[in-house]
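Reviewing the structure listed below.
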Amino acid sequence: MTSPTTATPAPAVPPAPAVPPAPAVSVPDVPDVLGRCRALVRPALADAVAQLHPWTGEMAAYAFGWCDVGGAPASGASEGKGVRQALAVLGAEAAGADGGAAVGGAVAVELVHAFSLLHDDIMDGDGTRRQRETVWKAYGIGPAVLAGDALFALAVQTLAGTPGPRTAAAVRRLCATLAELVRGQAEDLLLEDRPWTGPGAVRPDEYRSVAERKTGSLLGCAAALGGLLGGAPEETVTALDRAGRHLGVAFQAVDDLLGVRGDPAVTGKPVHGDLRRRKKTRPVLAALAGDGPAARELAALLDSSFRLDDAAAARAAVLVEEAGGNAATVEEARSHLDAARACLRGVPLARSAARDIDALIAFLLHRAV
């Protein structure tokens, strides 16, 4: 654990209905969309982090990939995809406003997301994120909890200071989302003690509810805050929120899938980490829903008392694939992405923003397949 240092300033839902898929959007467009939105939000995000105590500010900058331990500028660290801040900007643009109207909301959701990752890594015992040590591994558990708390408070403070007639409504929406996110994390932790099979096993609808609260609520909030701050009517704000929630469930499904078969160079996490921890994820639960030999062997492996080493975790990954867990997860993601598109087609949106949002949807599906 490092001691406090003076920080270097930071650089300037229910089951998805079946709907016809929209025309495919070129995935290579997505880096441009994310980059444009990041360029708009990043200066304000850095300014917000600079308001923190130097020590918590350094940990926040480390979490964002801006610096190394000690505050020196990071060399090649990942800043993440930036999907949430992009949804906020695009939500405002979808309402016909300039994306700058949503910057306060975009900063707030990025801060909340960072807070949730800091605390989530501690609860899950994850020592690696984005190919380097997590904050709690680099600084210690106590400091990481404190940094998460600081980011939580800063998110509300930042949004409350955003000028405009809809600020109060935006703060209320963010606070409701924070409560929902915490509830989802509580439910996720409780799933760990549930049996893999039998009457007490986790049902698909229960897991979907957790995914919507843990991941979908913040993506829905991001898009809705953009629309709200951009002056969208309530019907459009609601549609953006619902679309974001479906995106979140799909996003979680894809992340779960990458935890089973993902490349650590892409995911930034150790291969088969979720399987080693016997974490209840969508592919595993879908695989166990079958009654074939692969599902039975997987259940016996997960129910065993011995530690899952590399070989056992690799075998579990093979069994998940053979039992149909990966295919079912891809289908789940497809279904919710199509549902997100359906939500957005139900309200009038600015054409360019609608195209960019659809590109993000295609990007998420591309990650899954």
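Every number in this text was worked out from the coordinates using simple rules, so none of it is lab data. Fair warning: this is a prediction, and the values are worked out from it, not measured in the lab. As a convention, Cβ positions derive from the backbone with ideal geometry for all residues, glycine included, and neighbour counts pool all protein chains shown.
Classify the chain: rounded, prolate or oblate, from the alpha-carbon gyration tensor (a ≥ b ≥ c, eigenvalue square roots; a/c under 1.5 rounded; otherwise prolate if a/b is larger than b/c)?
Oblate shape, in that a/c is at least 1.5 and b/c is the bigger or equal ratio.
In sequence order, what are the phi-derived ³J(HN,Hα) couplings for the stretch 189-196 according to the Karplus relation 6.51 cos²θ - 1.76 cosθ + 1.60 with θ = phi - 60°, rounded to whole Hz, with x for glycine and proline?
For the stretch 189-196, the Karplus-derived couplings read 5, 5, 5, 4, 8, 7, x, 6 Hz, x marking Gly and Pro.
What does the C-alpha gyration tensor say about the overall shape of the stretch 52-91? Classify as rounded when a/c is under 1.5, otherwise prolate if a/b is larger than b/c, or oblate.
Oblate shape, in that a/c is at least 1.5 and b/c is the bigger or equal ratio.
Got a sec to turn the phi values of the stretch 246-254 into Karplus ³J(HN,Hα) couplings, 6.51 cos²θ - 1.76 cosθ + 1.60 with θ = phi - 60°, whole Hz, x for Gly and Pro?
3J(HN,Hα) across the stretch 246-254, in whole Hz: 4, 4, x, 5, 5, 4, 5, 4, 5.
Got a sec? Charge dipole of the chain, +1 on Cβ for Lys and Arg, -1 for Asp and Glu; which of Ser352, Val109, Gly125 is way out at the positive end?
Of the listed residues, the answer is Ser352.
By the scheme Lys and Arg +1, Asp and Glu -1, what is the net charge of all other residues having a beta-carbon under 11 Å from that of Val202?
-1
Order of 191-198, 82-89, 340-347, 49-56 by packing, highest average Cβ count within 10 Å first?
In decreasing order of mean packing, 191-198, 82-89, 340-347, 49-56 become 82-89, 340-347, 49-56, 191-198.
Considering amide H positions built from the backbone, and no H for Pro or chain starts, which residues 5 or more places from Thr128, or on another chain, come under 5 Å of its amide H?
Excluding prolines and chain starts, which carry no amide H, the hits are Thr134.
Each residue of the stretch 111-118 in turn: what ³J(HN,Hα) in whole Hz from Karplus with 6.51, -1.76, 1.60 and θ = phi - 60°, glycine and Pro shown as x?
5, 5, 4, 5, 4, 5, 5, 4
Amide H neighbours of Gly96 under 5 Å, counting only residues 5+ apart in sequence or on other chains, H built in-plane at 1.01 Å?
Ala350
How big is the charge dipole of the stretch 27-368 about its Cα centre, in debye rounded to the nearest 20, if each Lys and Arg gets +1 on its Cβ and each Asp and Glu gets -1 on its Cβ?
280 debye
Of the options Pro283, Ser304, Thr236, report the single residue whose Cα projects farthest towards the positive end of the charge dipole of the stretch 233-333 (beta-carbon charges: Lys, Arg +1; Asp, Glu -1).
With unit charges placed on the Cβ atoms, the residue in question is Ser304.
Starting from the amide H of Cys67, placed 1.01 Å from N in the peptide plane, find each other amide H under 5 Å away whose residue is 5 or more places distant or on another chain.
The answer is Tyr62, Ala74.
Order the peptides 283-290, 153-160, 296-303 from the highest to the lowest mean number of other Cβ atoms within 10 Å of their residues.
Packing order, densest peptide first, comes out as 283-290, 153-160, 296-303.
Which order results if Ile357, Ile141, Ile122 are arranged by neighbouring Cβ count within 10 Å, fewest first?
Result, fewest neighbours first: Ile141, Ile122, Ile357.
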